[in-house]
Amino acid sequence: MGRAEERRARQRGGRRAAPRRSSAAPSAAVGGDAPTVVGPPVTGGRAAARRAAKGGGKGGDGKGRIRRLFTWKKILGTFLGVCLLGIGGFIALYLYVDVPDNNAAAQAAQRQSNVYKYSDGAVLARDGKVNREIVDLSKVPKKVRYTFVAAENKSFYHDSGIDLKGTARGLLNTLMGKGAQGGSTITQQYVKNYYLSQEQTISRKLKEMVISLKVDRQMSKDDILAGYINTSYYGRGAYGIQAAAQAYYRVDAEKLSVAQGAYLAALLQAPSQYDWHAASDTGKRLVEARWNYVLDNMVEEGWLDKASRQAMRFRPPLEPKPTAGLAGQKGYLVELANQQLIDQLVKQEGIPRSQAEAEVVDQGWTITLNIDKKKQAQLEKAVKAQLTSKLDPKKRKVDANVQAGAVSVDPKTGKVVALYGGVDYFKHYTSNATRADYQPASTFKPVILAAALEENAQTQDGKPITANTIYDGTSKRPVVDNGSKVGFAPENEDDRNYGDITVQTAMNKSVNSVFAQMGVDVGMKNVLDVAGKLGMDTTNLQAVPAQTLGTMGASPLQMAGVYATLDNHGKQVTPSIIKTAEHNSKAVTMPDPIGEQVISREAADSVTSVLTGVVDDGTAQQAVANNPKRDGQKVAGKTGTSDDNKSAWFTGYTPDLVTSVGLFGEDEKTRAQTKMYGAGGEERVNGGGFPAEIWAAYMFGVTNGDAEFDLDTDQGAAVQPTWTPTPTPTPTTKEPTEEPTTEEPSETPTTEEPSETPTTEEPSETPTTEEPTLDPTAQPTDDPTLDPVRPGNGQQR
């Protein structure tokens, strides 16, 4: 055996002989003359020994097997094998799947009416007549055709009918339970609309891809485009470009301009959300951006010259004409039900909104609403009796511009039991119950107080904010933050000065200067955070002091949810109009309207307690507290009147029902916001006027008169002494004493009026610099060591 063979044998055995020592001369063994053979050291012997030691035994054998199993050759071979199997499977699928024998008439025939029912099962409405008229592509102007290609699939005229990346993404999303996320070509969308269902399954997606490839080979691009624009859903119940042209512009498809075509093409992404006359501010912004995107793509592709593009300006489409059978309030109820079902499908299945709309409209749903038939009739009756019967457009032009909206919610279940969307769905398409483009005004003030109590906020001088904390109610008082003015000094209604008043009185009288300062004390970010938790849409709102005046947009539906959460002791209420939604091919579980605890019960109940003072001794006293139908009913609520009298509100609640009523000034022709001064013969439309009167006429006919607020709080008007002080007919200069008094110190002897209840008495501004030593609303105490004015120590000047 040679040296090399011997060395390899030793290494295979896991051992290595020690290297022999080198010597300048051979040495002889004692008693012998045979020389010792000296060889060179074994290169890498120690490293080899270590590797051999580590590789020996059970563990080493296992790792070796893994390395032998996952060699790059085997991995590559497996990958290629999977690819071949996939290709083979796709070829088999391609041979197996044929283009279905279908046509638009058959597709339309598959449409079914949706049935909408009241909560008791009685039929409310049927909606589902298919509005579609097929037009030849030659009838559509060439540049209008290009708007759809620019919007959906710029490579349409060059691709093979499918988008491999988009399809792969769609399959992956389906496997992960996320639904489709777009990426389909016009051919794929046409195939889905024309030949297949809207369901999201792997088999349907694979069929779509195969059929798209075959359709692209069998049909011309113009025929595919014609099929696409004639089968797509554009909103307003319109299927196809001809119906859409009539629905949005009252013209035939052949008369559409490029700008109009770009709007219709933009609509396909989210028809209802992008319908200008029903869209939110966000929806309007998005559809206008997409309109610009479409036209810019046309310029990029050479389908539109740059000069013509620059001359185009976005113009909203015409107001829609409602679908037959949805007259009166029915259309508003159906519209909200559809929107909430669509929202749930988007959330539950992760599908695009346009697809969710296609799955809801004319698809044979049976939708039972939470609407109580009797309450709905009572609300409609109240609006007619307290508002519309008093408006006379012939006598006063402004009366034609007054719009009413209202939503009534059960705070324990979150059910929308009644809704008023406008005078008639045929006459006013936009639902005043869900529109969020008008200011909620002072109905936002309870949110500020809720934030103060939830955050344990303090005044600028470090005093806790409670119902009895004293603030300076001077009109146009500059708001201060850490000793510096923030550049905001709001005016009170009628520029009235209140001097030093409690938070309770400031809420009763709706004093802007007090709540502007309170908002800064709490921190406007905290205020908006609490507003979002209570149910308001605070997206994109800036945390600035001006928001304390309720200058953001809000709908009666939103405000009903906010106040329902307060009524429900801080447990979030998201109003829902849908009781059940049933379909023969789809199970939809609607979310529970009652959510988690979003603010503490004590904070919510304290706000409720304070709001009872607004009714009993504040801006809602005349219409609500003194209403002969009240009969002792427990009520909390808040009025609101926006800047320039463009909106007026009353949102109030009893222990078992919440209702928000809003009046909005809207130009009858242009739909622009207008002032309501003089409407109904009133100098100004206030929240304590028509809105509160509608509220009382409705609520006191449908609520439980014996229900009590179960409040966990020790502050606010609801927990003040039940004894009634004797009003003082003349002003007094008597100094406050340690004992409670029924006399109210007057700030100005000529203007201050005595208060009927202790909750609204205002502390006087004395000539001294000492803080008031008496809380006019404090309960009597026999313990002389107790300070009866503890809450007043948080005085803010």
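Every read-out reported here was derived from the displayed coordinates using simple, explicitly stated rules and does not represent laboratory data. These numbers come from a predicted model, not from an experiment. Glycine gets a Cβ as well: all are built from the backbone with ideal geometry, and neighbour counts include every protein chain shown.
Along region 130-136 the Karplus relation, 6.51 cos²θ - 1.76 cosθ + 1.60 evaluated at θ = phi - 60°, assigns HN-Hα couplings of 6, 9, 9, 9, 6, 10, 6 Hz to successive residues, with x for each Gly and Pro.
For residue 481, the residues whose modelled amide H falls within less than 5 Å of its own, excluding neighbours fewer than 5 places apart on the same chain, are 486.
Derived from the Cα gyration tensor, the three semi-axes of the equivalent ellipsoid of region 394-516 are 36, 21, 12 Å, largest first.
Ranking of 321, 675, 485, 330 by neighbouring Cβ atoms within 10 Å, starting from the fewest: 485, 321, 675, 330.
When only Cα pairs below 8 angstrom with a gap of at least 6 residues are kept, region 263-331 shows a relative contact order of 24 percent. For the pair residue 154 and residue 310, a Förster radius of 25 Å applied to the C-beta separation gives a FRET efficiency near 0.75, rounded to the nearest 0.05.
Computed over every Cα-Cα pair of region 202-276 and binned at 10 Å starting from 0, the pair-distance distribution P(r) comes out as 19, 42, 27, 12, 0 percent.
What number do you get for region 309-398 when its Cα radius of gyration is normalised by 2.2 N^0.38 Å, N = residues? Cα Rg divided by the expected 2.2 N^0.38 Å: 1.56.
FRET efficiency for residue 122 and residue 589, Cβ-Cβ distance as r, R0 = 22 Å, nearest 0.05?
Details: r = 24 Å, r/R0 = 1.08.
Once rounded, the FRET efficiency stands at 0.40.
For the pair region 649-700 and region 468-538, the centres of their Cα atoms are 24 angstrom apart. Per residue, the convex hull spanned by the Cα atoms of region 486-619 measures out at 136 cubic angstrom. Separation of region 547-572 and region 314-335, taken as the distance between their Cα centroids, equals 26 angstrom.
With each label modelled as a point 7 angstrom along the Cα→C-beta vector, the residue 289-residue 644 pair spans 2.7 nm.
What the Cβ-Cβ distance of residue 496 and residue 675 gives, at R0 = 22 Å and to the nearest 0.05, is a FRET efficiency of 0.60.
Shown in residue order for region 680-696 are the 3J(HN,Hα) couplings computed by the Karplus curve 6.51 cos²θ - 1.76 cosθ + 1.60 at θ = phi - 60°: x, x, 8, 4, 8, 8, 9, x, x, x, 3, x, 5, 5, 4, 4, 5 Hz (x for Gly and Pro). When the Cα centres of region 394-422 and region 250-279 are compared, how far apart do they sit, in Å? Cα centres, region 394-422 to region 250-279: 29 Å.
Sorting the segments 230-243, 617-630 by their mean number of nearby beta carbons within 10 angstrom, highest to lowest, gives 230-243, 617-630.
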